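**Q** Quick one: this structure, given as structure tokens, is what I'll be asking you about.
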Amino acid sequence: MLRRLADKPAPPPPTEEQEAIYTHVATTDDNIMVNALAGTGKSHTLEGVQAKSKTKPILYLVFGRKNSDDAKKQMRSTTDVRTFNGQGHRIWFASGRTVKLDWKKTNAQLRELINSAPKSQQRILWAVYDQVVSGVEFAKSVGYIPQGVAGAERSLITQTKFHALLEESPDDLVSDVIDAILRKSIVSAYDGYVDYNDQVYMPALFGGGFPKYPLVMVDEYQDLSPVNHQLLSRLVTDRLIGVGDPWQNIYGFRGATAQGMADAVGTYSMARQDLSISFRCPSAIVEHVHWRVPHFKAFRNGGGVSVPNRLLASDIPDNATVICRNNAPLFAMAFRLIAAGHSVKVAGSDIGPRLTNIMKRLGNPEMNRAQTISAINDWEAEKLANESTTASDMAECMRIFARVADSLSSAMSYAEHLFKQTGSINLLTGHKSKGLEYPYVIHLDPHLLSETEQDLNLRYVISTRSQDQLVEIASSQIQW
């Protein structure tokens, strides 16, 4: 342990940009928004901010338990490091409610509703199960409260606008069931029965015991959803310092506010500061994304970007990380890598169970390959008719498993087997890659990215995961 600590390189001296931020914090009472590009040392900078600040105590809000645990090791004892969920949980239960935390609360309440429905309706309700669950979760992210709930006037969004933002347009049945589950969920939250979404949704919209901090610092500001913004507005009583990268705003499908950082600058009269020098990405990677962030700079020279016409599978190193916009190309490549003798690890903690749940409802588990693919095509057509934006990728994922199996049951087994792999080549989507970094990155099928703002941001995020080498290649150009 002592050896590893001794070998750990000392952090570089503060850049001029970091010094400017520290001076601004120490010599003014301004609210500050720091635009921190990929790999520019924002965490280290925030450590310096709280060290320079004379304010005590400080609340530091982050996303994710790992970020919280890492920050607690670096921040001084007078800085309270919390995730948004953790802070919301404390607020909601400040009144002494008995806590029952169940991350599958929505699923349990929906199953109860379905099982209590007339037999003639149960099959219809099971068919929209996933759509209702995702709708309830999204409602809690954007702050939708259905009519008939005490406090409904505090809803951050109308039902019409909420429906327009959903991944799949709900019909009257789905809309009614989403509202019914939300009403039930809110009532049970008052009794202390909550899920992770409730931890922010309930205090943000329905109140609680809010602590007072003279300084609140917020990390990953670009990822805040409407309910995160609402919770924050009730926590900020004096000074606010936010850090984020507006070009890494890629979670719109989860409810992240597109112009959240810019809006906050106006709302809180925030002064702007920049962190533009990347310690992660060498010059070749930095220059490769100047089309999106022309003011991006590199701390070190080197690295490499290649866009070959052909890539031999045998040339893919074991430390490679494959990143793609969609899941289906990753699953197809994973099977081919395994067949070629490579070991793989596919990030699929969320999509894996969702895929298998859909496949279970396609029909008889003993359906043959042709029947399974036909059922998948029917499922896709039905979802596309409801304007689903993810159905085609999900359907292609299922077809990949069906093509290598002789039955629906076998296809599900192949899916479960793939997600259990723990090999050396990582495969993950661009959305899952945010916040991570790797020495050798393959951006698979970059043509799948559109010209929307979210996809332009996603291209920047994928490219800047690389610490050294970036290869952009289409699946069809990899020679097996």
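What follows draws every value from the coordinates through simple rules; no lab data is involved. Just so it is clear, the model here is predicted, and its values are computed rather than measured. Don't worry about glycine lacking a Cβ; one is built from the backbone with ideal geometry, like all the others, and counts go over all protein chains shown.
**Q** Between SER424 and ALA370, what's the calculated FRET efficiency when r is the beta-carbon distance and R0 is 25 Å? Round to 0.05.
**A** Details: r = 36 Å, r/R0 = 1.43.
Computed FRET efficiency for SER424 and ALA370: 0.10.
**Q** With a 10 Å Cβ neighbour count serving as the proxy for reagent exposure, in which order, fewest first, do ASP172, ASP238, ASP393 appear? It would help to have the intermediate numbers written out before the result.
**A** On the way: ASP172 7, ASP238 12, ASP393 18.
Exposure proxy ranking, most exposed first: ASP172, ASP238, ASP393.
**Q** In nm, what is the difference between 0.36 nm times the number of residues separating TRP126 and SER269 and their Cα-Cα distance?
**A** Full extension of this stretch gives 46.6 nm more.
**Q** Is the shape of segment 354-415 rounded, prolate or oblate, going by the alpha carbon gyration tensor and its root eigenvalues a ≥ b ≥ c, with a/c under 1.5 for rounded and a/b larger than b/c for prolate? Write out the running numbers ahead of the final one.
**A** Numbers: a/c = 1.98, a/b = 1.73, b/c = 1.15.
Prolate is the answer for segment 354-415, as a/c is 1.5 or above and a/b outweighs b/c.
**Q** Given DSSP loops and a limit of at most 14 other Cβ atoms within 10 Å, what is the longest stretch of the chain that contains no such GluC sites (Glu not before Pro)? Write down the numbers at each step before the final one.
**A** Values: sites that count: GLU366, GLU387, GLU451.
Counting only loop sites that pass the neighbour cut-off, the longest clear stretch is 1-365.
**Q** Okay, next question. Could you please rank SER155, SER314, SER466, placing first whichever residue has the fewest other Cβ atoms within 10 Å of its Cβ? Mind dumping the intermediate values first?
**A** On the way: SER155 18, SER314 10, SER466 29.
Result, fewest neighbours first: SER314, SER155, SER466.
**Q** Here's a follow-up. What is the chain's relative contact order, in percent, from Cα pairs under 8 angstrom and six or more apart in sequence? Before the final figure, lay out each step's value.
**A** Numbers: 828 pairs, mean separation 88.2, N = 480.
Over the chain, the number comes to 18 percent.
**Q** Which value, in debye to the nearest 20, describes the size of the charge dipole of the chain about its Cα centre when Lys and Arg Cβ atoms bear +1, Asp and Glu Cβ atoms bear -1, and nothing else is charged?
**A** Working: 51 positive and 51 negative charges, 291 e Å.
That gives a dipole near 1400 debye.
**Q** Considering only DSSP states other than H, G, I, E and B, which trypsin sites (Lys or Arg not before Pro) in segment 318-371 qualify as loop sites with at most 15 other Cβ atoms within 10 Å? Present the calculation step by step, with values, prior to reporting the outcome.
**A** Details: sites: ARG325, ARG336, LYS345, ARG354, LYS360, ARG361, ARG369; in loops: ARG325, ARG361.
Sparse-neighbourhood loop trypsin sites (Lys or Arg not before Pro): ARG361.
**Q** For LYS100, give me every one of the lysines with a C-alpha distance below 21 angstrom, ignoring sequence neighbours fewer than eight places off in its own chain.
**A** Those lysines meeting the cut-off are LYS140, LYS184.
**Q** With the contact rule set at Cα under 8 Å and sequence spacing of 6 or more, what percent relative contact order holds for segment 100-201? Provide the component values of the computation, followed by the final result.
**A** Details: 87 pairs, mean separation 43.5, N = 102.
Normalised by residue count, the contact order of segment 100-201 is 43 percent.
**Q** Oh, and also: Given the convex hull over the Cα atoms of segment 100-201, what projected area results after averaging over all orientations, in nm²? Intermediate values should be presented prior to the final figure.
**A** Details: hull surface 24.9 nm².
So the mean shadow area of the Cα hull is 6.2 nm².
**Q** With P(r) over Cα pairs in 20 Å bins from 0, in percent as the read-out, I listed (i) 21, 52, 26, 1; (ii) 17, 32, 23, 15, 8, 4, 1, 0; (iii) 20, 56, 22, 2, 0; which label goes with the value calculated from this structure?
**A** The calculated read-out lines up with (i).
**Q** Right, next: How big is the equivalent ellipsoid of segment 325-480 along its three axes, where each semi-axis is √(5λ) from the Cα gyration tensor, reported in whole Å from largest to smallest?
**A** Details: eigenvalues 152, 72, 33 Å².
Calculated on Cα positions only, the semi-axes equal 28, 19, 13 Å.
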